[in-house]
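Inspection log for the structure reproduced underneath, given as structure tokens.
The values are calculated or read from the model by the stated rules, or taken from the named source; none is laboratory data. Everything quoted here is computed from the prediction, not taken from an experiment. In this analysis, Cβ positions are derived from the backbone assuming ideal geometry, glycine residues included, and neighbour counts consider all displayed protein chains.
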Amino acid sequence: MSQLQLKDLYDGFRNPEVIEGFAKLINEEAKKLPKPINIMEVCGGHTHSIMKFGLPQLLPDNINFIHGPGCPVCIMPKERIDHAYILAELDDTILVTLGDMIKVPGSHGSLQDARAKGADVRFVYSPLDTLKIAKENPDKKIIFFAIGFETTTPMTTSLIDIVIKKEIKNIFFHINHVTVPEVMVELIDSRDEHVDSYNNRIDAFLGPSHVSVITGSKIYEKFPKEYNRPVVVAGFEPVDIMEAILMIVRQFNEGRCELEVEYKRLVSYDGNKKAQALIAKYFEKASLFKWRGLGNVPQSGYRLKEEFSFLDAEHIYADILPKEEIEDHKLCICGDILRGMAKPNECTIFGTACKPQTPLGSCMVSSEGACAAYYKYGNLLK
Amino acid sequence: MNKQITLAMGNGGEENNELISKIFYKAFKNDILQKSEDAAVIHGGALAFSTDSFTVSPLFFPGADIGKLAVCGTCNDLAMMGAKPKYLTCSVIIEEGFSTRELEKIVRSMKKELEVNDAIVVSGDTKVVPRGSVDKIFINTTGIGEIQKKGISSNNIKTDDVILVSRDIGRHGATIFVAREGIELSTTLESDCASLTHQVQALLEAGVRVTAMRDATRGGVSAVLNEWAKQSKICIEVEEESIPVSQEVYGICEMLGFEALNLANEGTFILAVKKEDEQKALDILHGFENSKNAVKIANVSEQYNQKVILLSSYGTKRFLDTPTGELLPRIC
């Protein structure tokens with residue numbers, strides 16, 4: 001028997017004929033749409049796939065994407081990056097975080113800059129790799145700068161669990177985990193201070209897939225019910241996304257407004273209960289978490305419960321970590337872009353003061369942001 | 001530009017280009033340097049001249065080591081200008097405490113690879129520095145080669161050229177990333193590190209009309225194609241489906257969020273040859289173990305000046321950019 005190859009697992013979901021087939025179906029169905037629809041893909045992983053595979057080019061003009069705030073790196077506010085920077089600069093300290101977090105600039109610079117100045121900053125692929133770093137550096141303090149949505153949160157809590165059970169004394173945590181449903185509510189139900197308006201143009205949501213593997217699809221139930229926005233939870237491959245778009249279009253054509261799951265191969269209604277229990281054991285919701293480009297969003301972030309404050313770098317280093325808020329750039333219109341009210345090129349600092357190498361707003365920070373994508377792919381985008 | 005030098009400035013991509021042009025080109029400006037070829041063409045077009053410094057962690061990795069890399073790197077740069085490598089220099093900076101045995105092992109690999117290229121080391125230098133001043137060992141090699149065919153240049157690619165790649169891409173970058181970051185994967189992946197002299201000689205001897213060649217080292221195939229698009233003021237249209245990527249590299253890219261096109265290679269080259277010579281070039285390359293899967297990946301057009309576009313098999317297209325930043329796993 002021939003061995004199963006990784007490519008075999010992906011190929012079906014990238015099959016050109018299937019993608020073209022869905023494109024044809026969507027184009028036919030879309031003719032019946034009563035009005036153009038804007039679909040927000042909440043998750044940065046979806047934005048990446050949409051850009052990488054050029055999916056907007058396959059869709060008719062009356063279906064648009066609004067690129068959502070679902071990139072944990074992009075939405076990290078300067079205040080918290082500054083925390084990481086200050087912690088990294090402490091003597092005998094190793095700051096550990098995940099991948100591309102280290103390239104995002106705060107007010108002193110990025111963690112890459114801190115490292116260039118001599119700070120010990122490392123990135124890990126899995127939070128559990130922090131254990132090895134701690135073991136190899138027993139006389140140093142290891143601070144894990146934890147980031148990510150519901151997908152990566154359980155990995156951080158697993159690390160906390162091991163640190164507590166094995167009584168590891170030199171690992172500490174700076175928690176920046178955020179949650180998806182709260183920011184979705186914020187986008188469709190809050191006042192945008194810049195324009196003093198409650199407007200948004202989001203008609204439907206493409207629900208993040210990996211987040212939903214952990215949380216279950218149940219977290220999106222309120223969007224069709226209370227906010228009249230259909231949600232289809234979709235996988236990250238082009239076939240997944242195209243199928244989900246077709247499902248959304250059909251909902252509009254058939255006058256339905258429902259929560260549906262395209263990514264049935266992994267997402268259940270209840271999600272991963274063990275992971276959820278681990279999160280509930282160590283974390284509680286912070287009353288506010290500030291998102292770069294969106295401001296403070298109620299109940300959208302986690303923090304360590306007080307009984308675990310002995311692990312909490314924000315508590316331990318409270319004296320040296322600044323608490324003042326740093327305003328987003330006054331001219332930045334990320335909030336409007338995320339609500340679908342403006343296109344990146346309508347921003348006055350787009351491509352001038354705000355560029356991928358020197359981003360000011362969240363949408364320019366990583367290749368997943370709407371502004372960065374416009375900047376790079378501009379004339380090939382729809 | 002940043003006040004401090006960051007790792008991103010050595011990535012072979014955009015920041016690296018900025019560093020080179022704003023500091024080095026500005027100071028050293030001259031006609032030969034500004035051609036920005038893999039090797040400088042000097043002495044009335046008779047000789048190719050190139051230098052490269054090598055630092056890699058780990059020093060010994062699946063498929064090669066820093067010694068082999070140091071000889072291949074410089075010899076390949078010469079070969080890419082249609083030259084036969086002849087004389088090399090070898091300078092090493094060694095950290096105090098480094099193992100003599102390992103040094104011998106590295107030098108043995110260099111010797112072996114010099115034999116493959118039929119080149120010799122004719123001058124050298126050694127420095128030993130206090131612990132912590134360098135990471136174990138840095139090697140610089142500089143080489144001179146005799147140009148077999150004049151006029152090969154990445155500034156001359158035209159719409160009647162097609163673009164080929166000599167083998168599957170991204171092996172070296174993926175191998176080093178996995179080894180360096182201690183990602184525990186059970187994999188048979190090896191670096192592609194190899195000398196390209198023989199393939200190049202065979203192509204030239206058979207009279208294949210080669211317009212340009214470049215080995216896709218740091219910055220990978222993306223960087224080479226973008227440099228070519230800019231230098232020759234052309235648009236390169238890449239058929240995404242045609243790019244050969246091994247199962248192992250594909251898997252690592254999917255897992256860590258990398259693009260194989262951005263990963264480094266050390267024995268893989270891109271060639272622009274005249275359309276009519278495509279088959280002839282491929283037939284010759286297929287005769288070598290290292291390039292038995294050589295294939296055409298792109299056409300040259302004028303659609304988007306100085307840009308590289310990727311065409312998907314289902315009719316969409318996007319720009320392929322010069323890689324930026326440090327190679328970091330993507331979180332989402």
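Below is a table of values for the structure above.
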| read-out | value |
| --- | --- |
| Per-region count, the range A:286-307, residues over 19 Å from A:Leu87 (Cα atoms) and in contact (Cβ under 8 Å) with a residue 60 or more places away in the chain | 13 |
| Close pairs from the range B:295-316: first without any contact (Cβ under 8 Å) to a residue 40 or more places away in the chain, partner assigned to a loop (DSSP other than H, G, I, E, B), Cβ under 7 Å, at least 6 apart | B:Thr316/A:Phe53; B:Thr316/A:Gly54 |
| For B:Gly325: the one exception among (1) closer than 26 Å to A:Asp11 by Cα; (2) within 12 Å of another protein chain (Cβ to nearest Cβ); (3) not in a helix (DSSP H, G or I) | (1) |
| Any hit, the range A:3-23, residues being away from chain B (no Cβ under 14 Å) and part of a loop (DSSP other than H, G, I, E, B) | no |
| The one condition in (1) away from chain B (no Cβ under 13 Å); (2) touching a strand residue (DSSP E or B) at 6+ places or on another chain (Cβ under 9 Å) that A:Ile320 fails to fulfil | (2) |
| Residues of the range A:83-102 classified as without any contact (Cβ under 8 Å) to a residue 24 or more places away in the chain and either of a type in the set (A, V, I, L, M) or at the interface with chain B (Cβ under 8 Å from one of its Cβ atoms) (or both), total | 1 |
| Check on A:Lys376, modelled with pLDDT under 90 and part of a helix (DSSP H, G or I) | yes |
| Restricting the range A:316-341 to residues that are crowded, with 17+ Cβ neighbours inside 10 Å and over 19 Å from the mean Cα position of the chain (by Cα), the residue that is modelled with the lowest pLDDT | A:Met341 |
| A:Ala119 vs. criteria in contact (Cβ under 8 Å) with a residue 24 or more places away in the chain, small (Gly, Ala, Ser) and more than 11 Å from every other protein chain (Cβ to nearest Cβ) | yes |
| B:Thr141 being of a type in the set (Ser, Thr, Tyr), buried (at least 19 other Cβ atoms within 10 Å of the Cβ) and at pLDDT 95 or above | yes |
| Verdict on A:Phe205 being touching a Pro at 6+ places or on another chain (Cβ under 9 Å) and closer than 25 Å to A:Ile147 by Cα | yes |
| Single unsatisfied condition, A:Asn64 versus (1) polar (S, T, N, Q); (2) closer than 26 Å to B:Pro244 by Cβ; (3) in the same structural domain as A:Gly293 (by TED's automatic domain parsing) | (2) |
| Failed criterion for B:Val178 (all others in (1) over 28 Å from B:Asp283 (Cα atoms); (2) more than 14 Å from chain A (Cβ to nearest Cβ); (3) hydrophobic (A, V, I, L, M, F, W, C); (4) crowded, with 17+ Cβ neighbours inside 10 Å hold) | (2) |
| Tally of residues being closer than 21 Å to A:Val163 by Cβ and not in a strand (DSSP E or B) across the range A:273-304 | 9 |
| Options B:Glu248, B:Glu237, B:Glu276; residue that is within 14 Å of another protein chain (Cβ to nearest Cβ), more than 16 Å from the chain's Cα centre (by Cα) and more than 28 Å from B:Lys68 (Cβ to Cβ) | B:Glu237 |
| Any hit, the range A:40-53, residues being among the polar types (S, T, N, Q), surrounded by 16 or more Cβ atoms within 10 Å (Cβ to Cβ), at the interface with chain B (Cβ under 9 Å from one of its Cβ atoms) and in a loop (DSSP other than H, G, I, E, B) | no |
| Residues (under 21 Å from B:Leu320 (Cα atoms) and either at pLDDT below 80 or more than 11 Å from chain A (Cβ to nearest Cβ) (or both)) located in the range B:11-29 | B:Asn11, B:Gly12, B:Gly13, B:Glu14, B:Asn16, B:Asn17 |
| Within the range A:327-352, tally of residues that are touching a Cys at 6+ places or on another chain (Cβ under 9 Å), of a type in the set (A, V, I, L, M) and outside any helix (DSSP H, G or I) | 3 |
